[in-house]
Amino acid sequence: MPASAQIAERTSKARPADAATESWVRVCALEELQRDGRKLVKVGRKQIVLFHGPKGIFACNNRCPHEGYPLIEGSLAEGCILTCNWHNWKFDLEGGRTLVGGDRLRRYPLRIEEGAVWLDVSDPPAAERAAEALDSLRDTLEDHEYDRMAREIARLQRTGSDPLEAVRQAIAWTHDRFEFGTSHAHAAAADWLFLRESFARDEAERLVPLVEIVGSLAWDSLREPHYRYPAASAAFEPDRLVAAIEDEDEAAAIAQLRGALAQGLGFAALERPLARAALAHYQDFGHSAIYLYKTGQLIERLGPSVTEPLLLLLVRSLVYAPREDLIPEFRAYGPSLAAWDGPRDGPRDGPKDGPKDDGGARRVAAEDFLGLDVKRALALTLEARGDLPALYDALLGVGAYYMLHYDMGYQEGTEGPVSHNVGWLDFTHHVTFANAARALCTRYPELWPQALLQLACFAGRNAAFVDRALDASGWQVGDPRAFLDGEIARLFDHGQPEYIVSAHLVKLLVAAREEVLAAPDAPWAADLLASVNRFLQSPLKRKHATRVARQAMGFVALEG
Ligand code: FES
């Protein structure tokens, strides 16, 4: 058998021929290829390059899988090692491996017949291509190859498969690589999917949220080991789940979760005890409630296959959440909650509706909270507990006012103590927590005291970092819906290199939109919109080299 025929036979085994889809095409004369060494052929939309060398004949895509430059301009060494000279990726045309670089190069089976080169240009079955795209997507997570993630998800979509499967799989692949459970990557995922459903204007924009989610999961789990979840399961009792989280007993909490799942219970059955646990303390700067709210939305958007990994993450995050109400600044929270004896339930569709206390409790507005520290803000919240809607309005209002008047000197400062490391995201959390807490308490009204007192903690804490003399009139927004929708549309090309920043942009805008649409005439609406506007237009200093150095020096000096 001639060498070329042997090579042809070997190459044709690169992918077993599928009789149903096989499509052989005569592409050129063998003599012509032997003379020139390489040749570009076009078959439909495919550009295929043929190489002839000492190891035989090979056919592959002409577009380099890195950035698409033509491989016909590449260098061939050792008879089968092709180098793309643009960025030095290398491919073994004989074995099929990518030797340098991060994507696979498609090769085509070939045969020589009657002095001509024939290629099988048929595509593998869709299911095979989808599986290959998902396999390759998983590879991209290991090195956070963002561009390649986009290509693999686009390939998955092109097979006709549900592209959301990329997100479902990425959650499953990474869920045990988060030491402390749910992260902003999961929380923002729910909002990214909302943007995809409601704001994407074309197919490229429909791809953006998927790549952002997968990229963010990859980044947050990068080079993390597998933090295995306890395997035991126990008979589910809501109170035992809450108690296990309170005891920071991950094994017992996960056993409760597994028991609930084994009983066939889904998120809906678990949300109430998880909400109790998430709001049991002023904790993790509001993340717990935000994560719970967003986990529910994410399960709703992706379906039941993500319930288990997302709830494992969430329970872990609740177990390990820092409980700030145990530090001196917020220690009045616990006694305030214990002293709360006002209305705890009643329907509430939005901040303007709900039970009123006729017992003469004080009615408050945002202005009443201005300048109050945590202790006094908690005391005023207790005084005003008879009118929950008014209290919510006041507490969201003061948070919006504070964000509108954030003293950016704290962002720029390099001389302050650690406790003055207060930035924009400390203020955005007041809003996103309020949004999550309102959603949870609308379903579980018995949790309003916790939610409102925790909002008072936010307000009291941030009060020290605002400049009330600041002229904020220039940040007012004329058309709320146009402003919010316009800013959300800009997120598809946000340009932020840090996922933590883009996650906060997405979450804040979606939270603000939900609040404003739920209560467009609320007293806080103008300040909330203006504060979001100011935040979006202001510098966000994300690195503090001098401040870190000074604080490190001070820290070490006091070590003795
Ligand atoms: S385009 Fe080929 S290596 Fe970059």
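The values are calculated or read from the model by the stated rules, or taken from the named source; none is laboratory data. All values derive from a computational prediction rather than experimental measurement. So basically every Cβ, Gly included, is an ideal-geometry build from the backbone, and we count neighbours across all protein chains shown.
What are the pairs, 6+ residues apart or on separate chains, where a residue within the stretch 73-86 that is on the phi > 0 side of the Ramachandran plot has its Cβ under 9 Å from a residue that is among the small types (G, A, S) and more than 9 Å from the ligand (Cβ to nearest atom)? Hits for this filter: E78/G53; G79/G53; G79/G56.
What is the residue count in the stretch 237-289 for residues that are in a loop (DSSP other than H, G, I, E, B) and either free of Cβ contacts under 8 Å to residues at least 12 places away in the same chain or surrounded by fewer than 19 Cβ atoms within 10 Å (Cβ to Cβ) (or both)? Working first, answer last.
Taking the stretch 237-289 and keeping what is in a loop (DSSP other than H, G, I, E, B), we get 237, 247-249, 263-266, 279-282.
This time we only want the ones that are either free of Cβ contacts under 8 Å to residues at least 12 places away in the same chain or surrounded by fewer than 19 Cβ atoms within 10 Å (Cβ to Cβ) (or both), so: 237, 247-249, 263-266.
Adding up the residues that qualify gives 8.
Note on the stretch 509-542: among residues that are surrounded by fewer than 23 Cβ atoms within 10 Å (Cβ to Cβ) and of a type in the set (S, T, N, Q), the one that is farthest from E487 (Cα to Cα) is S538. There is at least one residue in the stretch 108-130 that is without any contact (Cβ under 8 Å) to a residue 60 or more places away in the chain, more than 16 Å from the ligand (Cβ to nearest atom), hydrophobic (A, V, I, L, M, F, W, C) and surrounded by 16 or more Cβ atoms within 10 Å (Cβ to Cβ).
Based on this model, can you work out whether E114 counts as farther than 29 Å from I153 by Cβ, acidic (D, E) and at pLDDT 95 or above?
Taking the combined requirement at face value, the residue does not satisfy it.
The criterion of at least 3 residues that are in contact with a helix residue (DSSP H, G or I) (Cβ under 7 Å, 6 or more places away or on another chain) is met by the following strands (runs of 3 or more DSSP E) wholly inside the stretch 55-105: 56-61. Evaluated against (1) within 12 Å of the ligand (Cβ to nearest atom); (2) assigned to a helix (DSSP H, G or I), R138 falls short on exactly one condition, (1).
Filter the stretch 23-54 down to residues that are assigned to a strand (DSSP E or B) and either within 14 Å of the ligand (Cβ to nearest atom) or not hydrophobic (A, V, I, L, M, F, W, C) (or both), then give me how many there are. Explain how you work it out, then say what you get.
Taking the stretch 23-54 and keeping what is assigned to a strand (DSSP E or B), we get 24-29, 38-43, 46-53.
Filter again for either within 14 Å of the ligand (Cβ to nearest atom) or not hydrophobic (A, V, I, L, M, F, W, C) (or both), leaving 26, 38-39, 42, 46-47, 49, 52-53.
Counting residues in the stretch 23-54 that are assigned to a strand (DSSP E or B) and either within 14 Å of the ligand (Cβ to nearest atom) or not hydrophobic (A, V, I, L, M, F, W, C) (or both) gives 9.
Can you find a residue in the stretch 331-347 that is part of a loop (DSSP other than H, G, I, E, B), at pLDDT below 95 and of a type in the set (F, W, Y)? Within the stretch 331-347, one or more residues are part of a loop (DSSP other than H, G, I, E, B), at pLDDT below 95 and of a type in the set (F, W, Y). For first residues located in the stretch 89-103 and on the phi > 0 side of the Ramachandran plot, partners that are more than 10 Å from the ligand (Cβ to nearest atom) and lie 6+ apart or on another chain with Cβ distances below 7 Å form the pairs G96/A14; G96/R107. Residue under question is L207, and the condition is that it be farther than 22 Å from Y320 by Cβ, touching a Lys or Arg at 6+ places or on another chain (Cβ under 7 Å) and in contact (Cβ under 8 Å) with a residue 12 or more places away in the chain; does it hold? Here the answer is no, as L207 does not meet what is asked.
Tallying residues that are near the ligand (Cβ under 9 Å from one of its atoms) and surrounded by 19 or more Cβ atoms within 10 Å (Cβ to Cβ) within the stretch 84-100 yields 2.
When the residues of the stretch 64-79 are filtered to those that are crowded, with 19+ Cβ neighbours inside 10 Å and modelled with pLDDT of 95 or more, the one that is farthest from the ligand (Cβ to nearest atom) is L76.
In the stretch 484-525, what count of residues is obtained for those that are part of a loop (DSSP other than H, G, I, E, B) and either closer than 24 Å to T442 by Cα or more than 13 Å from the chain's Cα centre (by Cα) (or both)?
If we filter the stretch 484-525 for residues that are part of a loop (DSSP other than H, G, I, E, B), which is where we start, we get 494-498, 519-524.
Next cut, either closer than 24 Å to T442 by Cα or more than 13 Å from the chain's Cα centre (by Cα) (or both) only: 494-497, 519-524.
The total comes to 10.
Given the criteria in contact with a Phe, Trp or Tyr (Cβ under 9 Å, 6 or more places away or on another chain) and outside any helix (DSSP H, G or I), does G416 qualify? Considered against the rule, which asks whether it is in contact with a Phe, Trp or Tyr (Cβ under 9 Å, 6 or more places away or on another chain) and outside any helix (DSSP H, G or I), G416 comes out as yes. Within the stretch 1-36, the set of residues being touching a Gly at 6+ places or on another chain (Cβ under 7 Å) and at pLDDT 95 or above comprises A29, L30, E31.
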